[in-house]
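Nothing in this text is a laboratory measurement; each read-out follows from the coordinates by a stated rule. Not measured: the values here are computed from a predicted model. Note: ideal-geometry Cβ built from the backbone for every residue, glycine included; neighbour counts use all protein chains shown.
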Amino acid sequence: MASPLVGVALWWVLLFAGYLMLVSPLSGGEFVLGAVLSGLAAGTAMTAHRMSGSPFTLPPGGVGGLLRIPAAVLADTWWLARLVGSQLRRRAVPVGALRRLTLAAAPDELREQQAQAVAGLMLSLSPGSFVVDSSPSPPRLLIHAVRDELGVVEKRVVERSVQR
């Protein structure tokens, strides 16, 4: 488990970077204000996390899946645009399928539920798939996917789940 200081530092970096991306024009005052507010928010986030007692758990392959979400969004948007175009030209197109994905079991039930929830969110972020249902023990997600083959995020989550 990472120390609270590491957690605060990570939150601060993320929040400060986000603040700087949203502010224009950048000035010395904006840097100071952003740094202070990001520090307060990072401390608050870690305090709330510790008080709730709930660990945030990514599913196996979660980081790789998160990194693949932008590519999945672009690929699925292009795929859906092609499907709409085919429908407008009245051509027969595949309509997708329901698919059941089994995720890796976690050390305890709480982490398993959280990993399943995060995996469901990750799979639903791309327009090519969304979670229809979930079931525990073993954790499974029923998804509707536009494509017949697995998408880039699905592959990453399923690959890591099967390997462990």
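Listing for the model above:
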| read-out | value |
| --- | --- |
| Sequence of R156, R89 once ranked by neighbouring C-beta atoms within 10 Å, starting from the fewest | R89, R156 |
| Inter-probe distance in nm under a simple model that places probes 7 Å from Cα toward Cβ, at K155 and S3 | 4.0 nm |
| The chain, dipole about Cα centre (Lys/Arg Cβ +1, Asp/Glu Cβ -1), debye to the nearest 20 | 620 debye |
| Helix-only CD estimate at 222 nm, as mean residue ellipticity for the chain, using -39500 (n - 2.57) per DSSP H run (n ≥ 4) | -21000 deg cm²/dmol |
| Residue exposure sequence - R90, R68, R99 - by fewest surrounding Cβ within 10 Å | R90, R99, R68 |
| Added length on full extension, which subtracts the Cα-Cα distance from 0.36 nm per residue, L121 to D108 | 2.7 nm |
| All-pairs alpha carbon distance profile, the chain, 5 Å steps from 0, percent | 1, 8, 14, 14, 14, 13, 13, 10, 6, 4, 2, 1 |
| Per-pair calculated FRET efficiency, R0 = 45 Å: L37 and I69 via Cβ, rounded to 0.05 | 0.95 |
| Acute angle (nearest 10 degrees) that the helix 4-22 long axis makes with the longest principal axis of the chain, alpha-carbon atoms | 80 degrees |
| Crossing angle, helix 109-125 versus the chain [Cα axis fit, 0-90 degrees, rounded to tens] | 70 degrees |
| Rounded, prolate or oblate (a/c below 1.5 giving rounded, otherwise prolate when a/b exceeds b/c) for the range 73-129 by Cα gyration tensor | prolate |
| Packing-based order for 19-26, 121-128, using average beta carbon neighbours within 10 Å, highest first | 121-128, 19-26 |
| The range 4-52: Rg to Rh, with Rh as the Kirkwood radius over Cα pairs | 1.05 |
| L20/V84 FRET efficiency (R0 45 Å; Cβ-Cβ; nearest 0.05) | 0.75 |
| Residues S129, S38, sorted so that the one with the fewest Cβ neighbours within 10 Å comes first | S38, S129 |
